[in-house]
Amino acid sequence: MFTGILELDLLLGDVHSLKEKRTVVRPIVSEVRRRFEVAVAEVGHLQLHRRSLIGVAVVAPDAAHCRRVLDACERWVVARPEIEVLSAHQRLVGDDDEFEAPDVGDDEPSFAQPRQRPGEEDQP
């Protein structure tokens, strides 16, 4: 099993507010999700009017399929006339790759360790 990840750093056109930004970014995210059956979201530059970082992920049984899907997503976004793609980075993670979850603070939920419910005590 392989997971393919694509990060697209976008420069948006004539956008002057976060509301205008949403009118440009949301249709792109929705169409990429619908057209290529991938997970996609705006993952960065959230408070900047003219920039957006889009993350795309696909899971497939082989690396070649992941690359084909991510390449198609990238080509489709690059062809959009209302945006400029500043950078695009692809990464593949396979079964043999070690993936370490980022270290989160004590106040953040962690998927590695279940949280205790209030009133529960550690049982030996």
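What's the ranking of 81-91, 2-12, 42-52 by average number of surrounding C-beta atoms within 10 Å, highest first? Walk me through the numbers before you get to the answer.
On the way: 81-91: 13.3, 2-12: 19.3, 42-52: 15.3.
Top to bottom by mean Cβ count within 10 Å: 2-12, 42-52, 81-91.
Would any residue of the stretch 55-96 have its amide N under 17 Å from a label point 7 Å out along Cα→Cβ of residue 37? List them or say none.
Residues passing the 17 Å test: 57-73.
In percent, what relative contact order does the stretch 2-94 have, based on Cα pairs under 8 Å that are 6 or more apart in sequence?
Numbers: 169 pairs, mean separation 44.7, N = 93.
It comes to 48 percent, rounded to a whole number.
Taking 2.2 N^0.38 Å as the expected size of a compact globular protein, what ratio does the Cα radius of gyration of the stretch 2-94 give against it, to two decimals?
On the way: Rg = 13.0 Å, N = 93, 2.2 N^0.38 = 12.3 Å.
Relative to the 2.2 N^0.38 Å estimate, the stretch 2-94 comes out at 1.06.
Values in this text are rule-based calculations from the coordinates and carry no lab data. A quick note: this is a predicted structure, and the numbers were derived from the prediction, not measured. Glycine gets a Cβ as well: all are built from the backbone with ideal geometry, and neighbour counts include every protein chain shown.
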